[in-house]
Structures are given as structure tokens and as C-alpha cells.
């Protein structure tokens, strides 16, 4: 019964996501084949639902990969500089190639995120911390430096005023035709599941992985590239959303262990459910207006992060 609880919660949240909003969409109107109801459903609600689910799945899986590579439970794109590097990449794309397509901007974000992740892993491996909490602290400091560069760059090119708005996680802009690039997350999740056992071995450390015949460097680089693709596709589509990749893998690991071949589907479903719940909360808090999901997910994820930290010290 407990195993069925999460899928049932996910289905319930999907149903609520399709019906909650300023434009009322009732199941009776859909069954009556109302043109307005079906237009709202197909042009806005279904694309938004797909983007929410894919983003939640992708960010949760990114958290798992980074935690295995760095061997720290408190690492994810928001606490390792990945999100801030992707922002900087998009800003540089906007100024150097003003007419660049969404794909070109994503490639800039991908390159910056990948290089920043490589540098972060190199820093963590160079400095061996006895306290595991210091690893995400270094990541937050690293991200703050990248964010400062991004804000200074935006200020110099007159993007500062608008940058905070379009980089804050927000699904209200998602409509049919401007979110499809986020489907890149699907092959990323498939590859992660295919290499799940190897990423689990990475979490044992370089020495153990090498002794088991695993090419540590190649698989770590593959993991960082999967993370970079997911983060860049997410940021270019909906903006930055923190903490999903941190809290969901930790909660799943506490309950089901750390064998990714077994827990990855639960992590993916948990990430999607968390984002759906935060999005519905944001739509209801100040109805008919909407709170961006970057704020609701950041608040909920921040509280859960503090709880996990307190649990670690106990």
C-alpha cells in the first residue's frame, strides 16, 4: 500500500494541476466538448503539466548524479554553482548573439554549466573536508561568485533590471510552442537509468570504482554532462528552481537506500510530485494572481534542507 501512495499522489496532483488556475477548466466542460475548455487545456494546461513533470524529474535526477560524483548528500545544481553558471551563459549569449535561437542560448548555458561543474568537482577533490556540510557551503560560495559575475555583466549591458524576472523559476509563461526543448530531459533520464549501477559505484569513491574496473573520470564527465544538459534546458525554459535535486534524493535514500537501479524511478516521481505541489500552492496563495515556483519551491526546499541538516548533526 505504501508503494502505491506516491503514484496515487502524483496522479492526484496532475489532475489538480490541469484544473486549478484563473481560467476555469472543469471535467464536465471537457466532457461537453467546450471549445474554450479544450483550448485552455491543450494550449496551456497540458504543456505546463508536461514542463512541470519533466523539470521535476530532471532536477531530482541531477541531484542524484552530483551527489554520487561528489560523494556528498547536500549537493545539487543550486549548491554547486551549476544554476548560476547557466544564467551567466545565457546572459553572454544574449549580448554576443542578440538574435540567437533558444537552442543557441541553451548551448551557451550548457557549456558554462559543464565547465563550472568540472571546476567545482576539482575544488572539492582538492580540498578534503572532514565536515560534510562544508561541501555545499563551498558550493554556495562558488555559486555566489558566479552570480556576482552574472549581475555585474548584466549591469554593464543593461540587463540587470529584467534579469531577475526572467531567470526566476516561473511556469506561467509556458504555452504550446515555447517549452518543447525541455523534452531533452527524457533521454537524459533514460541514460541515467542505463548507467544507474555505474553511478552507484562512483559514489563509493575513485579507488573503489577503479578497482571494480570502472573508468572513474569518463563516467564522472558523463554524469556532469547529463547534469549540464538538464540544467541548461530547464533554465532556458522556466528559469532557476533550487533545492529539488537536494531534498528528494535525500528523502528517498533515507527510506529506500542508495541503489539507483531501484530508487531512481522513486526519485523521479518524487521530484515531479514536489514541483507539482509547489506550483499548485503558488497558484492558490494569492489567487487569481500567481507566486512564481522559484519562490515556493525555494521556500519549501529550504525548510526541508534545514531539517536534513539538523538530522545530520543529530
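Where a number appears in this text, it was derived from the coordinates with a stated rule and is not lab data. Note that this is a predicted model, so its numbers are computed, not measured. When we count neighbours, we look across all protein chains shown, and the Cβ atoms used for this are built from the backbone with ideal geometry, even at glycine.
Which residue fluctuates the most in the chain, going by a Gaussian network model with Cα springs under 10 Å, if the choices are 44, 101, 273?
The residue with the greatest mean-square fluctuation here is 101.
Order 194-204, 76-86 from most to least packed using the mean count of other Cβ atoms within 10 Å. Walk me through the numbers before you get to the answer.
Numbers: 194-204: 18.4, 76-86: 31.1.
Ranking the peptides 194-204, 76-86 by packing returns 76-86, 194-204.
Could you work out the percent of alpha carbon pairs in region 250-290 separated by over 16 Å, rounded to a whole number?
Percentage above 16 Å: 47.
Calculate for the chain the 222 nm mean residue ellipticity that helices alone would give, adding -39,500 (n - 2.57) per DSSP H run of length 4 or more and normalising by residue count, nearest 500 deg cm²/dmol.
-24000 deg cm²/dmol
Considering only C-alpha atoms, what is the centroid distance from region 179-242 to region 251-314, in Å?
Centre-to-centre (Cα) distance: 20 Å.
Highest mean first, how do 286-297, 48-59, 258-269 rank when packing is the count of other Cβ atoms within 10 Å averaged over residues?
Answer by packing, highest mean first, reads 48-59, 258-269, 286-297.
Can you bin region 56-97 into rounded, prolate or oblate? Criterion: square roots of the alpha carbon gyration tensor eigenvalues sorted a ≥ b ≥ c, rounded for a/c under 1.5, prolate for a/b above b/c, oblate for the rest.
prolate
From the square roots a ≥ b ≥ c of the eigenvalues of the alpha-carbon gyration tensor of the chain, which class results: rounded (a/c under 1.5), prolate (a/b over b/c), or oblate?
It comes out oblate by the Cα gyration axes.
Sorting 71, 45, 156 on the 10 Å Cβ count, fewest up front, what's the list?
Lowest count first: 156, 71, 45.
Go through 144-155, 206-217 and give me the packing order, highest mean Cβ count within 10 Å leading.
Details: 144-155: 16.2, 206-217: 13.2.
Averaged packing, sorted descending, gives the order 144-155, 206-217.
Evaluate the relative contact order of region 191-280 (contact order divided by residue number), counting alpha-carbon pairs under 8 angstrom at least 6 apart; express in whole percent.
34 percent
When the C-alpha atoms of region 215-265 are aligned to their principal axes, what extent does each axis show, in angstrom, from largest down?
33, 29, 15
By the gyration tensor of its Cα atoms, with a ≥ b ≥ c the square roots of the eigenvalues, what is the shape of region 113-239: rounded for a/c under 1.5, prolate for a/b over b/c, or oblate? Walk me through the intermediate numbers first.
Numbers: a/c = 2.94, a/b = 1.40, b/c = 2.09.
Oblate, since a/c reaches 1.5 and b/c is not below a/b.
So what is the relative contact order of the chain, in percent, for Cα pairs below 8 Å that sit 6 or more residues apart?
30 percent
What relative contact order, as a whole-number percentage, does region 65-131 give when Cα pairs under 8 Å and 6 or more residues apart are counted?
34 percent
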